[in-house]
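Notes to accompany the following structure.
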Amino acid sequence: MTLTITPLPEFPLIESGDDLAELILVAVERAGISLAAGDILVLAQKIVSKAEGRRVNLSNIIPSQKAVDVSSQIDKDARLVELILQESNSILRTRPGTIIVEHRLGFVCA
């Protein structure tokens with residue numbers, strides 16, 4: 001078995017509403033890559049979130065008391081912690097600089 005990692009050159013910046021599948025197919029074709037059964041494409045969560053229109057202006061977030069408490073434990077902005085809490089079922093672990101949660105879809109994320 002061989003592992004080959006090939007970045008897609010000239011991949012555009014993603015905006016809300018972009019069709020990621022179409023953009024990926026165009027980029028794959030432009031790069032001269034042919035996909036085969038069993039190939040795996042890896043995407044950064046950030047571009048998926050951007051395409052889904054999930055950008056949030058932190059200045060509009062009012063942190064809960066729980067977010068404030070957790071933010072003091074992990075040394076992160078309480079507004080960011082509030083967003084993390086809103087997307088999570090539970091906090092599994094914290095330490096300075098890190099919060100590990102169970103995402104609402106069941107994924108464990110740091």
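The values are calculated or read from the model by the stated rules, or taken from the named source; none is laboratory data. This is a predicted model, so every value here is computed, not measured. All Cβ positions, glycine included, derive from the backbone under ideal geometry; neighbour counts span all protein chains shown. We work out accessible area using only protein heavy atoms, side chains counted, and drop any ligands, DNA or RNA first. Shrake-Rupley method; radii C 1.70, N 1.55, O 1.52, S 1.80 Å.
Once both labels are positioned 7 Å from their Cα atoms along Cα-to-Cβ, the gap between Arg93 and Phe11 label points is 2.9 nm.
Output the Kirkwood hydrodynamic radius of the stretch 55-110, Cα pairs only, in Å rounded to one decimal.
Computed over the stretch 55-110, the radius equals 11.2 Å.
What's the local net charge at Ile62, with K and R +1, D and E -1, over the other residues with C-beta under 11 Å away?
On the way: positive: Arg79; negative: Glu82.
Once positives and negatives cancel, what remains is 0.
Could you tell me what percent of the accessible area of the chain is made up of carbon and sulfur, with a 1.4 Å probe and every protein chain present? With neighbouring chains kept in place, the figure for the chain is 55 percent.
Accessible area of Asp69 (1.4 Å probe, protein heavy atoms only, ligands and nucleic acids ignored): about 70 Å². In whole percents, the pair-distance distribution calculated for the stretch 9-110 from its alpha-carbon pairs, binned every 10 Å from zero, is 13, 33, 27, 19, 7, 0. Rolling a 1.4 Å probe over the protein heavy atoms gives the chain an accessible area of 75 Å² per residue.
Mind checking the dipole of the chain: about its Cα centre, +1 per Lys or Arg Cβ, -1 per Asp or Glu Cβ, Debye to the nearest 20?
Approximately 460 debye in magnitude.
Positive contributions from Lys and Arg (+1) and negative ones from Asp and Glu (-1), summed over other residues with Cβ under 12 Å from the Cβ of Val81, come out at -2.
Count charges around Pro12 for me, please; just the other residues with Cβ under 12 Å from its Cβ, Lys/Arg as +1, Asp/Glu as -1. Provide the component values of the computation, followed by the final result.
Working: positive: Arg30, Lys50; negative: Glu10, Glu15, Asp18, Asp19, Glu22.
Cβ neighbours under 12 Å give a net charge of -3.
Of Val28, Val108, Val48, the residue with the largest accessible area leads and the full order is Val108, Val48, Val28 (1.4 Å probe).
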